[in-house]
Amino acid sequence: MRVGVPQTMRCRRVWLAGAVALACGLGAMPAGAESYPTRPIKIVVPTPAGGPVDVAGRIVASYLSTTIGQNVIVENRPGAGNTIGSREVAQADPDGYTLLYSSASGLVLAPMLQKNAGYDPIESYEPIILVAASSNVLVVNPSLPVNSVQELVAYAKDHPGKVNFSSGGIGVLPHLIGELFKAKAGITIVHVPYRGGAPSITDVVSGQVQMTFEGTSVLVPFIRAGKLRALAVTSTRRVPELPDVPTMAESGFPEVVSTSWTGLLAPAGTSREIIIKLNLQLNEGLSSQELREMFAKRSSDVIGGSPQDFTNLIKSDTAKWTPIVKSLALNGQH
């Protein structure tokens with residue numbers, strides 16, 4: 001396990017056995033849950049098509065489509081720091097036919113940063129499963145004359161306010177990591193928010209923006225092609241896909257550590273039977289070589305585990321980021 005939640009990985013087999021026993025112990029399920037699903041399922045992704053959350057969500061949708069007996073479609077509802085799509089699912093009927101595939105950025109951070117997000121990460125959803133996690137990478141456009149984090153810091157100090165960093169919107173994880181790095185390095189760099197990770201990366205590649213923190217899964221191809229220069233990864237250890245790229249801790253910033261995770265949720269009030277059915281189905285898929293390889297190709301580790309495991313992670317991330325958001329005085333930005 002390179003990144004993510006190691007204990008969740010170790011406990012997956014135990015959870016699967018327990019969940020099967022629980023499902024058997026439920027006896028006759030209510031009619032709606034027993035036959036679920038009887039029509040297509042919609043997974044809302046609150047980011048634009050092509051970004052890391054969208055790609056992972058489509059892998060999940062494709063797998064479910066082939067195993068659950070109904071088509072599972074992805075609908076992208078980007079905007080407002082992931083809150084538009086997230087709010088739509090929070091307000092949807094809890095019947096199992098409208099689900100949310102999201103990340104720490106949209107689920108945990110956006111409600112902290114936006115006073116009127118319209119949902120709560122704990123109260124508004126029933127977590128189904130934590131799917132995957134990956135490191136983030138600090139990359140710069142190759143035209144920027146820096147080859148390390150320390151050189152970037154020195155350059156930014158010599159050119160205050162002249163270096164821009166992009167993200168997929170105010171409140172997403174790359175934005176917060178950038179703000180944390182900015183504070184710890186004592187530099188003045190300017191945040192440029194976009195409507196999703198894909199356009200954010202595109203403008204760093206084109207040179208419109210100088211740097212960004214984004215998921216390994218989408219940045220590795222650009223790094224290998226020489227279109228972006230990787231300076232550091234934000235995980236606690238180096239990642240196999242970029243063995244020569246140091247961690248932020250190795251680069252002198254041990255506080256700038258974070259991983260990107262994604263997972264599937266349902267609206268609050270969705271029946272426990274439906275949650276268990278989807279969880280068991282996806283745990284089985286995540287244990288397969290096919291899905292593990294699909295995520296590995298995108299520099300992500302599969303996680304899996306119980307709905308409670310996912311709930312615990314959401315709570316721990318909320319506790320982790322809340323004081324940082326307050327210290328950076330980002331509350332209420334839009």
In whole Å, largest first, what are the principal axis extents of the Cα atoms in the stretch 135-233? 30, 28, 24
What is the Rg over Rh value, at two decimals, for the chain, using alpha-carbon atoms and the Kirkwood definition of Rh? 0.98
What is the helix-to-structure angle for 173-185, meaning the angle in degrees between its Cα long axis and the longest Cα principal axis of the chain, kept from 0 to 90 and rounded to the nearest 10? 40
Ranked on Cβ counts within 10 Å of their own Cβ, fewest leading, 158, 95, 120, 54 go 158, 120, 95, 54
Taking 18 Å as the cut-off for C-alpha to C-alpha distance, list the pairs among 184/326; 115/326; 162/326; 162/182 that go past it. 162/326
Cα-centred dipole magnitude for the chain, charges only on beta-carbon of K, R (+1) and D, E (-1), debye, nearest 20: 440
Charge dipole of the chain built from unit charges on the beta carbon (Lys, Arg +1; Asp, Glu -1), centred at mean Cα; most positive-end Cα among 247, 52, 235 is 247
Roughly what would the spin-label model give for residue 39 and residue 272, points 7 Å off Cα along C-beta, in nm? 2.7
Full extension from residue 154 to residue 188: what is 0.36 nm times the residue separation minus their Cα-Cα distance, to one decimal in nm? 11.1 nm
When the dipole is taken about the Cα centre of the stretch 135-233, and only Lys, Arg (+1) and Asp, Glu (-1) are charged at their Cβ, what size is it in debye, to the nearest 20? 40
At a Cα cut-off below 13 Å, give the aspartates and glutamates reachable from residue 297, other chains included and same-chain residues fewer than 8 away excluded. 241
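Is the stretch 202-334 best put as rounded, prolate or oblate by its Cα gyration tensor, with a ≥ b ≥ c the root eigenvalues, rounded for a/c under 1.5, and otherwise prolate when a/b is larger than b/c, oblate when not?
oblate
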Skipping prolines and chain starts, which residues have an amide H placed within reach, meaning under 5 Å, of the one on residue 75, given they are 5 or more residues away or on another chain? 43, 44, 45
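Quote the FRET efficiency, to the nearest 0.05, computed for residue 202 versus residue 293 with a Förster distance R0 of 41 Å and r equal to the Cβ-Cβ distance.
For R0 = 41 Å, the calculated efficiency reads 0.90.
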Could you work out the helix-only [θ] at 222 nm for the chain, with each DSSP H run of four or more residues adding -39,500 (n - 2.57) and the total divided by the number of residues, to the nearest 500 deg cm²/dmol? -13000 deg cm²/dmol
Using the count of nearby Cβ atoms within 10 Å as a rough guide to exposure, how do 88, 241 rank from fewest to most? 88, 241
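No lab work stands behind these numbers, since they all come straight from the coordinates. A quick note: this is a predicted structure, and the numbers were derived from the prediction, not measured. Note that we place each Cβ from the backbone using ideal geometry, even for glycine, and neighbour counts take in every protein chain shown.
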